[in-house]
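Beneath this line is the structure, given in structure tokens, with notes to follow.
Here, each number is a calculation from the coordinates, and none is a lab measurement. Predicted model only: the values in this text are computed from it and were never measured. As a convention, Cβ positions derive from the backbone with ideal geometry for all residues, glycine included, and neighbour counts pool all protein chains shown.
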Amino acid sequence: MFDCSNPLSRSIKKKKIKMHPPLTPHRHPMCLEIIEEFQKCHLDHPIGKFFGECTELKVKLDRCFRQEKAVKRKVNFEQSKKLQERLKAIRKEETAET
């Protein structure tokens with residue numbers, strides 16, 4: 001447990017380490033090359049990965065995941081708009097029939 005009176009432990013407690021999602025190729029086709037490089041770096045540097053050897057690739061991977069998420073969000077939003085328009089049309093037809 002952290003001692004909240006100790007300023008060092010407070011800073012440790014507040015720091016949140018963000019982990020990357022599972023690095024499965026089929027879930028992240030846009031980032032496949034970076035994922036492979038990152039995994040190879042971890043294999044090539046089993047100790048160095050703990051001391052920042054693969055940090056640059058991790059940053060690239062995070063950026064790629066953000067871009068991928070933005071693309072997916074845009075596609076989902078467009079699909080949602082189309083579905084909403086279809087539902088509006090169906091509701092109009094139903095109200096016109098009654």
Q) Put a dot 7 Å past each Cα toward the Cβ at residue 94 and residue 33; how far apart are the dots in nm? A) 4.9 nm
**Q.** Contact order relative to length of the stretch 30-97, as percent, for alpha carbon pairs under 8 angstrom and 6 or more apart
**A.** 31 percent
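Kirkwood-based Rg over Rh for the stretch 30-97 (C-alpha set), two decimals?
Numbers: Rg = 21.9 Å, Rh = 15.1 Å.
Rg/Rh: 1.45.
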